[in-house]
Amino acid sequence: MENKEFLADRIRTMEYHLNMGPQHPATHGVMRMILTLDGEEIKDVEPVLGYIHRSIEKMCERDTYKQIIHLTDRLDYLSAHMNGEAVALLVEKALGIEVSDRIRVIRTMIAELTRIASHLLWWGVMGMDTGALTTFMYAFRDREMINDIFEETCGARLTMNYNVIGGVRYDLHENFQKRVKEFIKHMKKKLPEFDRLLSDNVIFRKRTEGVGYISKEDAIAHGLNGPTGRGSGFSCDIRKIHPYSAYDMVEFDEILLNGGDSFSRYKVRILEMWESLRILEQLVDKIPEGEYRMKTKAVIKLPVGEHLQRVETARGDFGVYVISDGGKTPYRLKFRSPGFANLHGLNAMTKGEKIADLVVNFSTIDVVVPDIDR
Amino acid sequence: MTKSELKEKISSWSEELNFVEEGSEFLVVEVPAHLLRETALKLRDDKDTAFDYMFSMTGVDYGEKLGVVYHLESTTHHHMIEMKVYTDDRENPAFDTLSDVWPATYLNECEVYDFFGIKFNNHKNLRRIFLEEEWKGWPLRKDYVDEVNMLIR
Amino acid sequence: MSYIGDVIQGTKTLLTGMNVTGKYFFKNLFTRKDVITVEYPDNIDTLKMFDRFKGEVVMYHDENNHHRCDACTLCELACPNGSIEIIWDKETDPETGKSKKVLVNHIYHLEMCTMCGLCIEACPSDAIMWGQDFHHTTTDRANLTKSLNRPGSSVIPNYVKPKK
Amino acid sequence: MITLTIITDWLMKYMSADAAFYTELVIVAAIYLAVFAIFGLFLVWMERRVAGFFQLRLGPNRVGPMGLLQTIADALKLVTKELTGTKKADSYLYRLAPYFVIVTALMSMAVLPFSAELQAFDINIGLFFIASVSSVGVIGIFLAGWASNNKYSLIGGMRTGIQMISYELSVGMVIVTMATLAGSLRMSEIVELQKDGWFIFSGHISAIIAFALFMIAGTAESNRTPFDLVEAESELGAGFHTEYSGMNFAYYFLAEFINMFIISAVAVVIFFGGWLSPFGITDSIPYMGVFWFMLKTLFIIFLMMWFRWTFPRLRIDQLLTLEWKYLIPINMVNIVLMALLVWLGLTF
């Protein structure tokens, strides 16, 4: 007993700080985390942000509503379409513009394709973060097909800037339906392969199951949303709760898993790809005829007051909040970014786990840094 | 609950709460700064309101006043409310932190402090989260001037 | 015996994974069929971009070196980033005697352009449009500032704006 | 003792026996160094091409035929790079560490029997020599982690200690298992014994289990995915060699591949009959053994590459769980099983 006290007095461990980032392969961009570590065990995670802050909210106060949309592409570039859709929907709602069914369906289809593309990229990177480097190229092979669809119809592969107020910029390309059908067929073959390669792998299971647990109550309190929140059983799919565009026209399930660990969050995204395919399948043959772009005024002024529009991006609950003073530009515009909220959950998930778990958890909350550093 | 039911419910808590129904699709509660924590706790814990999900927190510069807008949602009832709080003090604005009521506000409060200079009392680690510590001024305030980097049209 | 069961099950999942990657390996080793990358500078001649591809903004010139821009500056106003500057001059029309704007230089800052397309949409006479070229790499930023109207070009005589 | 007698005989014509002996040592060492530096580069190229095919890419194919000269170009680039280091690093240990790793890697080369005629140093404890020498290499990695004065390196270095000490055990136990079957530790003798049947077949189930265990432990020994916690790109940046640049970095890189080669070569010797050709088809041709030895070794290396480009990485505690809860107990049972097989004469 005496000996034990003697040792405890002289041999002690010391907590130390480790700077993870801004140049680190696991931070998915320029982000920095200050870790407080005891050996390899994490005591605290404090994110330090702002390395690519561009002050988009301030720029929006300067720009007209038409010009804002192209800035939203640069927020969460993997859900570029959905971000733009949020602004377009907000302005349409405020001005009372009824868009045609064709526009709604086109927007929904592009949004679901974007969601699959985003989840595919996430899947590839998730594999890389756990050390399986090959997943990345497999994911990019399939993502390439979506990017080709986008390029043909929207003119760009990533920051498409396809939304305009009152519709979309171009009509669908004549090859669109054919390509989407091809993609659905291809993807249905490849998704089970993803499971065989990574999801079922015993090492991967061990790395993710039971790691980074966060309960439903904590998830809600920390504001986790999107697939991250749904992995904890928090029903937060805006497509279901506040349907917009064509989501009330299609059948799909909100994926809810109650595990709360990294594997649940992983599985939610995999299953969401299946759901997105299901939505695409329902819509691809039934794109209604109609206008692809409604006529709008040359100068758009929102009525005085406050406007809020929420959409479900690939990362979660994206919100645009505009305070208008009746002018051409918003008085104050706030982008509620899903990644920023999810990032805060990281600390709660990771405390007491190892560095390797931090990397996995960080990967499963799927942040895109420009989305956080708006 | 609908807008009017919410109003009825919340107005019974205190007479100092002010309600606005125009200009927004949600009910807006204007809370005096000293009642902020108390109201927030009630909004979260009362079974009929149960606003457990802090959706968004926005700092706003209204000209003379500075304010913070909280968008709250209930995950059980799926209703939303806007909670607003103002201060006239532009030199040293401060509110109570809500980071223990809704942990989601923790980083958001840092963001509001960073851009508007609104302090949050009792916040564990209030810092400039996006800008560097040496940055002068509060960029999203309307009176912020940066002649070098800002392109004004 | 969950211990032995675990070992067997684990090994099985590992072998399934190896099966997936192995198939691609041998297919690529012998046929290169699943290779998805392209050898970029080699395929430069066959590489064709989609019609709607947004590579850069270009100005339409016809065979007589005429363009359709009458320097109305709507594109300059529409641009969110200030990537377009239009330098114009006043000139008297010899036929009607009225003075009108004439384009001197349509300066396009490619380095600031975000390909949002608002300028092309704003243009009432379809003078500017998307170009499909994407080889913008250069060693000097100054090379990215371009003049869209060709030297010596002029507006199409008696051009009437289409009504939008 | 089978040795490189041709060189000795040739040298004897020009100088005394003693001088010839020492000159021979120098010449053989120089040849080995040169050949294995080149071979290491070849392995790097092979890894990149193989990775390319696994990942639906082509891999390096521009420099030289099939990109074969790519790694030479890379090595030239690395030679010309500045050697950087941190200010507060322990500069003596920092410079020393890479040599520890590369020298021990090359030392193990000496005992490998490439063919019946080609073996530099045939001692009667060959397998034991390899096991002990390769465990010295860990000190180099340890030193690198400590001396770099970088926390990422330090964590990487600490992980190495844990990992190497654990997995040395498994490798050793597999060697014990196979030595039970062979009854010898001399490399050339082990190979000769397999003339009637490679040990992987003659050892029944026990040898197959031993082979699986050896592959796992061997992959861990050479710090490759799924056991590359030491470098763990997504966690530690580059782990113990974060602060190294230029040639110092290249030594680590080369050592990794040479270690991989040694592990594979040992596997070939104790399981797949070393230089022996299948069914003895070319056994009468001298030096043909080199071809078979290399072919088998490359196949095992390919297997390790296959692991690397398929599996995710383990966590440090899972790494230890795997070793102490699975590999060691199975290994122990396997030794008993093998002993029984040998005792009962059930081997071929």
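The values are calculated or read from the model by the stated rules, or taken from the named source; none is laboratory data. Keep in mind that what you see is a predicted model, and the values were worked out from it rather than measured. Using ideal geometry, Cβ is built from the backbone for each residue, glycine included, and neighbour counts are taken over all protein chains shown.
For region A:26-40, the criterion of being at the interface with another protein chain (Cβ under 10 Å from one of its Cβ atoms) and touching a Lys or Arg at 6+ places or on another chain (Cβ under 7 Å) is met by at least one residue.
Taking the listed residues C:96, C:114, C:92, the one that is more than 22 Å from residue C:150 (Cβ to Cβ) and surrounded by 13 or more Cβ atoms within 10 Å (Cβ to Cβ) is C:114, with no other qualifying. If you go through region C:1-43 and keep only what is touching an Asp or Glu at 6+ places or on another chain (Cβ under 8 Å) and more than 7 Å from every other protein chain (Cβ to nearest Cβ), you end up with just C:27. Scanning region D:296-318 for residues that are surrounded by 18 or more Cβ atoms within 10 Å (Cβ to Cβ) and more than 7 Å from every other protein chain (Cβ to nearest Cβ) yields D:296, D:297, D:300, D:301, D:304, D:305, D:307, D:308. Restricting attention to region D:45-57, the residues that are in a loop (DSSP other than H, G, I, E, B) and buried (at least 20 other Cβ atoms within 10 Å of the Cβ) add up to 2. Remark: residue B:133 falls outside the filter, which requires a residue to be more than 10 Å from every other protein chain (Cβ to nearest Cβ), under 30 Å from residue A:64 (Cα atoms) and not hydrophobic (A, V, I, L, M, F, W, C). In region A:155-178, the residues that are facing chain C (nearest Cβ under 9 Å) form Cβ pairs under 6 Å with partners that are crowded, with 21+ Cβ neighbours inside 10 Å and of a type in the set (S, T, N, Q), at six or more places apart or across chains, as follows: A:173/A:153. At pLDDT below 90, assigned by TED's automatic domain parsing to the domain that holds residue D:222 and touching a Lys or Arg at 6+ places or on another chain (Cβ under 7 Å): does that describe residue D:261? When the stated conditions are applied, residue D:261 does not pass them. Look at region A:338-349: where a residue is farther than 12 Å from residue A:229 by Cβ and more than 8 Å from chain B (Cβ to nearest Cβ) and a partner is in a helix (DSSP H, G or I) and of a type in the set (Asp, Glu), sitting 6+ places away or on another chain with Cβ atoms under 7 Å, you get A:339/A:371. Annotation: of all residues in region A:250-264 being without any contact (Cβ under 8 Å) to a residue 60 or more places away in the chain and in a helix (DSSP H, G or I), the one that is surrounded by the most Cβ atoms within 10 Å (Cβ to Cβ) is A:264. Here residue A:328 meets the list (1) within 11 Å of chain B (Cβ to nearest Cβ); (2) outside any loop (DSSP other than H, G, I, E, B) almost entirely, failing just condition (2). Can you list the helices (runs of 4 or more DSSP H) found entirely within region D:203-271 that contain at least 2 residues being in contact (Cβ under 8 Å) with a residue 12 or more places away in the chain, within 30 Å of residue D:125 (Cα to Cα) and away from chain A (no Cβ under 14 Å)? So the answer is D:204-221, D:246-271. In region D:182-191, is there at least one residue being assigned by TED's automatic domain parsing to the domain that holds residue D:267, without any contact (Cβ under 8 Å) to a residue 24 or more places away in the chain and among the hydrophobic types (A, V, I, L, M, F, W, C)? There is no residue in region D:182-191 that is assigned by TED's automatic domain parsing to the domain that holds residue D:267, without any contact (Cβ under 8 Å) to a residue 24 or more places away in the chain and among the hydrophobic types (A, V, I, L, M, F, W, C). Here residue D:293 passes the criteria (1) crowded, with 17+ Cβ neighbours inside 10 Å; (2) more than 21 Å from the chain's Cα centre (by Cα) except the one numbered (2). Looking across region A:194-210, the residues that are of a type outside the set (Gly, Ala, Ser) and under 17 Å from residue A:128 (Cβ atoms) come down to A:194, A:197, A:198, A:201, A:203, A:204, A:207, A:208. Filtering region B:44-64 to residues that are touching a Lys or Arg at 6+ places or on another chain (Cβ under 6 Å) and of a type in the set (Phe, Trp, Tyr) leaves only B:51. Against the condition in a helix (DSSP H, G or I), buried (at least 22 other Cβ atoms within 10 Å of the Cβ) and among the hydrophobic types (A, V, I, L, M, F, W, C), how does residue D:173 come out, does it pass? Judged against the criteria, residue D:173 is not a match. Within region A:204-249, the set of residues being touching a residue at least 12 places away in the same chain (Cβ under 8 Å), of a type in the set (A, V, I, L, M) and either surrounded by fewer than 20 Cβ atoms within 10 Å (Cβ to Cβ) or not in a loop (DSSP other than H, G, I, E, B) (or both) comprises A:219, A:220, A:238, A:249. So which residues in region D:103-119 are touching a residue at least 40 places away in the same chain (Cβ under 8 Å) and surrounded by fewer than 19 Cβ atoms within 10 Å (Cβ to Cβ)? Across region D:103-119, the qualifying residues are D:110, D:117, D:118. Is it fair to say residue D:282 is surrounded by fewer than 23 Cβ atoms within 10 Å (Cβ to Cβ), within 14 Å of another protein chain (Cβ to nearest Cβ) and of a type outside the set (Lys, Arg)? Taking the combined requirement at face value, the residue does not satisfy it. Each residue in region D:319-348 was checked for being crowded, with 18+ Cβ neighbours inside 10 Å and of a type in the set (Phe, Trp, Tyr), and 0 of them qualify.
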